[in-house]
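Read-outs: derived from the displayed coordinates by stated rules, not from any lab. Fair warning: this is a prediction, and the values are worked out from it, not measured in the lab. We place every Cβ from the backbone using ideal geometry, glycine too, and count neighbours over all the protein chains shown.
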Amino acid sequence: MKEAAVEDLHHYRNLSEFFRRKLKPQARPVCGLHSVISPSDGKIINFGQVKNSEVEQVKGVTYSLEAFLGPRTSVEDLPFPPAASHSFRSQLVTREGNELYHCVIYLAPGDYHCFHSPTDWTVSHRRHFPGSLMSVNPGMARWIKELFCHNERVVLTGDWKHGFFSLTAVGATNVGSIRIYFDRDLHTNSPRYSKGSYNDFSFVTQANREGIPMRKGEHLGEFNLGSTIVLIFEAPKDFDFKLKAGQKIRFGEALGSL
């Protein structure tokens, strides 16, 4: 509570408000040395290069990249079209010599539940998958194949200085409530959407050709209770994660750099 902007517990009307508590500005310094920081507090479940268009959910359990992100639209408003290829992974890699990377961060119920921009990037597209609200804790993830692909999630895609960049907020037990601060049209955990479908929204318009620019560390959104954030992005081959699987991490600390 010493880190909370409001330390008085009685200020919070319910658990949900407490989980989404704001922190004092100095509580989470943003690392300036590294190009990608942790967008949230949590535990590092997995990270590394994406191989064979599949991502490891937890050790030994994988899920399909295409099932998780959904199929590519024509060019999805990116400023540079993906190379023509049959591999979904290579559709996301826009520049010669780059690799595709991923990082999975699990937020336990007690963690600070706002999340922030992990780097300087531009968000061009949002895809919302209504779905189940199963627990995403690592123990459950070992038992349910493609758990992340079943659960409600919001996929933000765009680009950073090295090409494709995405952040996906995955819902958890009874927590389809995912809020993106700049996206007023997003309504998660709603009965109006059927599971198994998805709905798209483009932030690129006639009036705004660029999309939504985000600065590293800027407030991006919030969850209720526990959940997971998955980063999938391209970067040059010498991108280096500064992580260990299973470690605790705080928003603002380094994830990796070139």
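Here are some notes:
- Between F201 and D240, the distance separating the two model label sites (each 7 Å from Cα on the Cα→Cβ line) works out to 4.0 nm.
- Exceeding the 31 Å Cα-Cα cut-off - candidates K24/K237; K24/K51; K2/K244: K24/K237; K24/K51
- Karplus 3J(HN,Hα) series, Hz, for the range 87-99 with 6.51 cos²θ - 1.76 cosθ + 1.60 (x for Gly, Pro): 7, 5, 4, 6, 5, 7, 7, 9, 10, 4, x, 7, 10
- Residues whose amide H lies under 5 Å from that of T188, counting only those 5 or more places away or on a different chain, are I178; hydrogens are built 1.01 Å from N in the peptide plane.
- Qualifying trypsin sites (Lys or Arg not before Pro) for the range 218-250 [loop in DSSP, other Cβ within 10 Å: at most 12]: K237, K244
- In sequence order, the range 119-129 has phi-based couplings of 6, 7, 7, 10, 8, 10, 8, 10, 10, 10, 9 Hz under the Karplus curve 6.51 cos²θ - 1.76 cosθ + 1.60, θ = phi - 60°, and Gly or Pro positions carry x.
- Label sites at R215 and A27, each approximated as a point 7 angstrom past Cα along Cα to Cβ, lie 2.1 nm apart.
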